[in-house]
Amino acid sequence: MADDLRDLAARLGRALADRGLMLATAESCTGGLVSCLVTDIAGSSAWFAGGVVSYTNAAKCRILGVPQAVLDTRGAVSRETVLAMAKGARGIFGADLALAVSGIAGPDGGTPEKPVGTVWMAWDGPCGARAEVHHFEGGRLDVKGAAAKTALAAALALVVESRSDPA
(Lines give C-alpha, C1' and ligand atoms only; values in the text may rest on other atoms or scores of the structure.)
Protein backbone atom coordinates (compact mmCIF):
# COMPACT_ATOMS: atom_id res chain seq x y z
CA MET A 1 0.00 0.00 0.00
CA ALA A 2 2.90 2.39 0.66
CA ASP A 3 3.77 2.69 -3.05
CA ASP A 4 0.10 3.23 -3.90
CA LEU A 5 -0.08 6.05 -1.35
CA ARG A 6 3.11 7.70 -2.62
CA ASP A 7 1.90 7.48 -6.22
CA LEU A 8 -1.47 8.95 -5.28
CA ALA A 9 0.18 11.84 -3.40
CA ALA A 10 2.43 12.52 -6.40
CA ARG A 11 -0.53 12.51 -8.80
CA LEU A 12 -2.42 14.91 -6.54
CA GLY A 13 0.64 17.15 -6.36
CA ARG A 14 0.97 17.27 -10.14
CA ALA A 15 -2.72 18.09 -10.53
CA LEU A 16 -2.52 20.88 -7.94
CA ALA A 17 0.69 22.29 -9.42
CA ASP A 18 -0.71 22.20 -12.96
CA ARG A 19 -3.63 24.34 -11.80
CA GLY A 20 -1.64 26.62 -9.47
CA LEU A 21 -3.60 25.45 -6.42
CA MET A 22 -2.51 25.03 -2.81
CA LEU A 23 -3.59 22.25 -0.45
CA ALA A 24 -3.90 22.27 3.35
CA THR A 25 -4.77 19.43 5.72
CA ALA A 26 -6.46 19.01 9.08
CA GLU A 27 -5.92 15.51 10.47
CA SER A 28 -6.97 13.68 13.57
CA CYS A 29 -7.03 9.87 13.31
CA THR A 30 -4.45 9.83 10.49
CA GLY A 31 -2.01 11.63 12.78
CA GLY A 32 -0.31 13.56 10.00
CA LEU A 33 -0.02 10.65 7.56
CA VAL A 34 -1.58 12.65 4.72
CA SER A 35 0.80 15.55 5.34
CA CYS A 36 3.72 13.14 5.54
CA LEU A 37 2.80 11.56 2.22
CA VAL A 38 2.54 14.88 0.41
CA THR A 39 5.73 16.28 1.92
CA ASP A 40 7.62 13.16 0.84
CA ILE A 41 7.20 14.53 -2.69
CA ALA A 42 10.12 16.75 -3.69
CA GLY A 43 8.90 20.25 -4.49
CA SER A 44 5.64 19.86 -2.60
CA SER A 45 6.03 23.36 -1.16
CA ALA A 46 4.77 24.57 -4.54
CA TRP A 47 1.34 23.05 -3.83
CA PHE A 48 1.17 22.14 -0.12
CA ALA A 49 0.66 25.06 2.26
CA GLY A 50 0.68 23.07 5.52
CA GLY A 51 -1.27 20.91 7.87
CA VAL A 52 -2.58 20.64 11.41
CA VAL A 53 -2.73 17.46 13.47
CA SER A 54 -5.55 18.22 15.90
CA TYR A 55 -5.86 15.05 17.90
CA THR A 56 -7.73 16.43 20.89
CA ASN A 57 -11.06 18.21 20.91
CA ALA A 58 -9.36 21.20 22.54
CA ALA A 59 -6.96 21.47 19.60
CA LYS A 60 -9.81 21.17 17.13
CA CYS A 61 -11.49 24.14 18.85
CA ARG A 62 -8.46 26.28 19.58
CA ILE A 63 -6.52 25.82 16.35
CA LEU A 64 -9.12 25.00 13.70
CA GLY A 65 -12.13 26.84 15.11
CA VAL A 66 -14.41 23.83 15.46
CA PRO A 67 -17.26 25.07 17.68
CA GLN A 68 -17.34 23.41 21.10
CA ALA A 69 -21.09 22.98 20.69
CA VAL A 70 -20.49 20.81 17.60
CA LEU A 71 -18.08 18.60 19.50
CA ASP A 72 -20.47 18.38 22.45
CA THR A 73 -23.50 17.45 20.37
CA ARG A 74 -22.10 15.62 17.33
CA GLY A 75 -18.69 14.45 18.52
CA ALA A 76 -15.21 14.60 17.01
CA VAL A 77 -16.08 11.92 14.47
CA SER A 78 -18.89 13.64 12.60
CA ARG A 79 -19.78 15.41 9.40
CA GLU A 80 -20.05 18.75 11.17
CA THR A 81 -16.65 18.42 12.79
CA VAL A 82 -14.70 17.52 9.65
CA LEU A 83 -16.42 20.29 7.67
CA ALA A 84 -15.35 22.79 10.34
CA MET A 85 -11.83 21.30 10.41
CA ALA A 86 -11.45 21.65 6.64
CA LYS A 87 -12.77 25.21 6.69
CA GLY A 88 -10.40 26.07 9.52
CA ALA A 89 -7.35 24.61 7.78
CA ARG A 90 -8.20 26.36 4.53
CA GLY A 91 -8.43 29.67 6.37
CA ILE A 92 -5.28 29.22 8.45
CA PHE A 93 -3.13 28.40 5.44
CA GLY A 94 -4.91 30.49 2.81
CA ALA A 95 -5.19 27.34 0.69
CA ASP A 96 -7.41 26.74 -2.29
CA LEU A 97 -8.39 23.26 -1.09
CA ALA A 98 -8.32 21.70 2.36
CA LEU A 99 -9.01 18.16 3.41
CA ALA A 100 -9.88 16.99 6.90
CA VAL A 101 -9.99 13.53 8.47
CA SER A 102 -11.36 12.43 11.85
CA GLY A 103 -12.17 8.89 12.88
CA ILE A 104 -11.75 5.94 15.18
CA ALA A 105 -8.64 3.99 14.22
CA GLY A 106 -8.91 1.55 17.13
CA PRO A 107 -8.44 -0.84 18.62
CA ASP A 108 -10.50 0.95 21.30
CA GLY A 109 -12.83 3.92 21.24
CA GLY A 110 -15.63 2.57 19.09
CA THR A 111 -19.30 2.61 20.00
CA PRO A 112 -22.31 0.87 18.47
CA GLU A 113 -23.12 4.11 16.62
CA LYS A 114 -19.51 4.77 15.60
CA PRO A 115 -17.57 1.50 15.54
CA VAL A 116 -13.81 1.24 15.14
CA GLY A 117 -12.98 2.01 11.53
CA THR A 118 -15.54 4.84 11.20
CA VAL A 119 -13.85 7.79 9.52
CA TRP A 120 -15.38 11.07 8.42
CA MET A 121 -13.55 13.20 5.88
CA ALA A 122 -14.27 16.55 4.28
CA TRP A 123 -12.93 18.78 1.54
CA ASP A 124 -13.39 22.54 1.40
CA GLY A 125 -12.56 24.37 -1.82
CA PRO A 126 -13.63 27.09 -4.20
CA CYS A 127 -16.57 24.99 -5.40
CA GLY A 128 -17.89 24.47 -1.87
CA ALA A 129 -17.52 21.83 0.81
CA ARG A 130 -18.46 18.18 1.01
CA ALA A 131 -18.12 15.42 3.56
CA GLU A 132 -18.51 11.66 3.60
CA VAL A 133 -18.23 8.80 6.03
CA HIS A 134 -16.34 5.55 5.49
CA HIS A 135 -16.03 2.33 7.45
CA PHE A 136 -12.62 0.71 7.11
CA GLU A 137 -11.61 -2.77 8.22
CA GLY A 138 -8.43 -3.96 9.88
CA GLY A 139 -6.12 -2.78 12.60
CA ARG A 140 -5.11 0.74 13.51
CA LEU A 141 -2.51 1.12 10.77
CA ASP A 142 -4.89 -0.35 8.19
CA VAL A 143 -7.56 2.21 9.09
CA LYS A 144 -5.08 5.09 8.98
CA GLY A 145 -3.70 3.99 5.61
CA ALA A 146 -7.13 3.44 4.08
CA ALA A 147 -8.34 6.81 5.35
CA ALA A 148 -5.30 8.60 3.93
CA LYS A 149 -5.68 6.85 0.58
CA THR A 150 -9.39 7.67 0.35
CA ALA A 151 -8.87 11.31 1.34
CA LEU A 152 -6.07 11.78 -1.21
CA ALA A 153 -8.01 10.03 -3.99
CA ALA A 154 -11.09 12.19 -3.39
CA ALA A 155 -8.95 15.35 -3.29
CA LEU A 156 -7.39 14.34 -6.62
CA ALA A 157 -10.83 13.77 -8.13
CA LEU A 158 -11.99 17.19 -6.92
CA VAL A 159 -8.95 18.92 -8.38
CA VAL A 160 -9.34 17.16 -11.72
CA GLU A 161 -13.09 17.93 -11.79
CA SER A 162 -12.46 21.58 -10.92
CA ARG A 163 -10.61 22.21 -14.14
CA SER A 164 -12.57 24.83 -15.97
CA ASP A 165 -11.55 25.45 -19.55
CA PRO A 166 -12.97 28.57 -21.17
CA ALA A 167 -15.53 27.75 -23.83
- Between the DSSP loop rule and a limit of at most 11 other Cβ atoms within 10 Å, which trypsin sites (Lys or Arg not before Pro) in region 119-165 are left? 163
- Using helices alone, what [θ] at 222 nm do you get for the chain, with -39,500 (n - 2.57) per DSSP H run of 4 or more residues, divided over all residues and rounded to the nearest 500? -14500 deg cm²/dmol
- Message: Need the C-alpha centroid separation for region 28-100 versus region 117-137, integer Å.
- Response: 12
- Volume per residue that the Cα convex hull of region 71-135 spans, once the total is divided by residue count, Å³: 81
- Label region 1-129 by shape, choosing from rounded, prolate and oblate, from the square roots a ≥ b ≥ c of the eigenvalues of the Cα gyration tensor; if a/c is under 1.5 it is rounded, and otherwise prolate applies when a/b is larger than b/c, oblate when it is not. oblate
- Query: Ignoring ligands, DNA and RNA, what percent of the 1.4 Å accessible area of the chain is carbon and sulfur?
  - Reply: 53
- Message: If you count only protein heavy atoms and use a 1.4 Å probe, how large is the accessible surface of residue 45, to the nearest 10 Å²?
- Response: 100
- Accessible heavy-atom area order of 27, 113, 80, highest first, probe of 1.4 Å: 113, 80, 27
- Query: Given the chain, what percent of its DSSP beta bridges are antiparallel, to the nearest 5?
  - Reply: 60
- Task: Once you have the Kirkwood Rh of region 56-167 from its Cα pairs, apply Stokes-Einstein at 37 °C and 0.692 mPa s and quote D in µm²/s.
- Result: 226
- Message: To the nearest 20 Debye, how big is the dipole of the chain about its Cα centre, given +1 on the beta carbon of each Lys and Arg and -1 on that of each Asp and Glu?
- Response: 320
- Task: Evaluate region 30-69: find the radius of gyration of its Cα atoms, find its Kirkwood radius, and give the ratio Rg to Rh.
- Result: 1.10
- Two pseudo-spin positions, 7 Å from Cα along C-beta at residue 108 and at residue 53, lie apart in nanometres by 2.0
- Task: First measure r as the distance between the Cβ atoms of residue 36 and residue 68, then evaluate 1/(1 + (r/R0)^6) with R0 = 35 Å and state the FRET efficiency to the nearest 0.05.
- Result: 0.75
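The values are calculated or read from the model by the stated rules, or taken from the named source; none is laboratory data. Quick caveat: nothing in here was measured; it's all calculated off a predicted structure. All Cβ positions, glycine included, derive from the backbone under ideal geometry; neighbour counts span all protein chains shown. Ligands, DNA and RNA are excluded from the accessible area calculation, which covers all protein heavy atoms including side chains. Shrake-Rupley method; radii C 1.70, N 1.55, O 1.52, S 1.80 Å.
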